[in-house]
Structure formats: C-alpha cells, structure tokens
Amino acid sequence: MVQATGGITSAQFVAPHADLRRYVTTYYIAEVNSPDGSLVEDLLPPEWGSVRYLCSGEVHGSVHPEPLKPVTPITLVGHGSRATRIGCVSMRIASFGLLPLGWHHLVGLPASRFADQSVDAHSVKTRVDFAALFPAVAAAQTLDEVAAIFDDVLLRSLMQTPLSVKSEDDIIHGLHTALLDSDFASVTEIAERLDMNGMQLERLSKRVFGFPPKLLIRRQRFLRTLALLMRQPAAKWGEILDPQYYDQAHFNRDFQRFFGMSPKQYLALEKPISLVAAMARMNALGDPLQGLHAASDEA
C-alpha cells in the first residue's frame, strides 16, 4: 500500500487479491479537505469504469464540460472517453476500478449504455450488489479493511460466474492486450490478431469496452502520451509523443477531443486531486493512469 499527500489531498492505492487482477485495477481511498472551505476542483483523465463509495462529505462531478452535479453515495461509473470534472470541499471516497473483463463479469450489462456516464448503483441490477457493500465500506477505518471487504465479495461473485460468461474471457483479454500495444494502430490489425471480422469486433468492443475500437485505439495512444507527460513534465514534445502520432498537431487534436482544451491550457491548470492520485498510483503500481492498467494474465 502506498500513500501520497499533497496538502489538501491524500490518496492510498493497493492491488486486489491476485485472483482478481484480470478484472479489477486497484482499490483506493482518497480524501480531500479544503483548508479554507473553498471548492476544490480538478479534471480527471478518461479511464475504465469503477465503483465509488462516498463515505463522507459531498462531491459534485460531470463529464467535462457539463455543469457539476451532486454525486450519489454509491456510483457505478462507466468506461470514459472524456475528462471528468470533480469539485468538493471535503470528502472521503473508497473505490475500485473495473477492467473490461471485470465489467463483463461483475457488472454484466452492456458497457455502451454507461459510456461516459455515472449512475446511482441502486438504479441498476448488476451481477454484484454493489450498493449492499456501502455500510461496511463506509465504516472501515483503513484501506486494508476496505480491501478485505472488496476481495471477499468480488472473489465470491467470480466463483459463481456462469460458463456462458467465461466463454468470452480469452477474446476480451486479447482485445484489451492489443489496445495496450502501440504496435496495433488500426482496427484491421486488431481484428486480424483476434481472428474476427470488423462487425464482430465492433459489437464486442461496444458491449464490453463501451466504445468502438477505433475510438479506443485513439484513447489509448492519447493516454500513453499523457502518462509520459506526467512523468516528464519538462520533456520536449518530440520525446514523449506516442509512435502512433504523426506530429504534435495530431496529438493536440486528440487532447481537444478527450479534455476539451489544448495541452497548454491543461498544463496551466492546478491539479490538487489528480496529480496526488497519479503519484500514489505510480508509486504503488508503476503507472499513473488507470486507463493504462495492464490486462493481467493471472486467472
């Protein structure tokens, strides 16, 4: 477990049980406390889905640039293709991230229905009753206690997964692995790798990953470059651009698509939450962004 503190924000990350690492990215607790009572705001990069428990305080959020709105105590967050706005004065949140295979097993609903959206977990019937965990999670005092709760419930759910659901595991894992590989720059290349036609790949991608494969390829190359920018903020653009980019103008267009602003505008923003969380995640797991989390080969 690694903790990072940045004045008003603290964040702790820990890996899930080994048997969950094909499905779940991390468990984490984040706390924000404004020293003067003013609203603390930030932009969070696009990422895979998650389940979030607001244990104390109030949080407002939205997909950028939509207006902020209150966040429900137990929130199912869909896979994202746009930056998320967050604003709070004081809050404590516990959460776990869902890899595409985790969405397939633990949520069991079409990911495209929840893409770039957050919903009250009470309002949807998922394979795991996420809302039922809230009292125990909110009462937990440490991340180790939270992790034990999540491990227990998620492992028991996986043991009950129908064979019909498991039958797609290899192809989902294969698509996730290809998306993480910068050598795969087109839908055709990925379809050939997975021995699928374009229509089959499109349907699978939307149902489990939330978006068409072309957009996911674009998102992943953007996140790879953003991660390098976060690690090396003083680096020249030519040193950090993903090999799939033709030039900086190409990257700038993607930045506008995913963040709604230019890289220069983003770099000028204060990042009181996202930078602390990214540092803690990088120290614990080696990468600052949840959207780049490796598709583990562990069963």
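Sorted ascending by nearby beta carbons within 10 Å, beginning with the fewest, M282, M159 become M159, M282. In the structure shown, the pairs K166/K206; K214/K236; K125/K206; K236/K264 are assessed against 21 Å; a Cα-Cα span above that value is assigned to K214/K236. Among S81, S164, S182, the largest mean-square fluctuation in a Gaussian network model of the chain (Cα springs under 10 Å) belongs to S164.
Computed over the chain with a Gaussian network model linking Cα atoms closer than 10 Å, the most mobile of A30, A18, A227 is A18.
In this label model, A136 and Q117 are separated by 2.9 nm, measuring between points 7 Å along each Cα→Cβ vector. Altogether, the Stokes-Einstein calculation at 10 °C and 1.306 mPa s, with the Kirkwood radius of the range 98-237 over Cα pairs as Rh, returns a diffusion coefficient of 92 µm²/s. Using the Cβ of A268 as centre and a radius below 15 Å, the other residues enclosed give a net charge of -1, where K and R count +1 and D and E count -1. Could you work out how much longer the chain between R231 and D195 gets when fully extended? Use 0.36 nm per residue separation minus the Cα distance between them, nm to one decimal. Contour length minus Cα-Cα distance gives 9.4 nm. In plain terms, the chain from Q160 to Q256 could stretch by 30.3 nm, reckoned as 0.36 nm per residue minus the Cα-Cα distance.
Would you tally the net charge around R257, using a Cβ to Cβ cut-off of less than 13 Å, leaving R257 out, and scoring K and R as +1, D and E as -1? Net of charged neighbours comes to +4. For the range 34-56 versus the range 108-169, the inter-centroid distance based on Cα atoms is 20 Å. Which parts of the range 78-97 would a label at L68 reach, counting a residue when its backbone N lies under 11 Å from a point 7 Å out along Cα-to-Cβ? Flagged as within label range: 85-90. For the chain, the 222 nm mean residue ellipticity estimated from helices alone, with every DSSP H stretch of n ≥ 4 adding -39500 (n - 2.57) and the total spread over all residues, rounds to -10500 deg cm²/dmol. For the chain, the relative contact order comes to 24 percent (Cα pairs under 8 Å, sequence separation of at least 6).
Rule-based calculations on the coordinates, nothing more; no lab input. Since the structure is predicted, the reported quantities are computational estimates derived from the model, not experimental observations. FYI the Cβ positions are ideal-geometry reconstructions off the backbone, even for glycines, and counts take in every protein chain you see.
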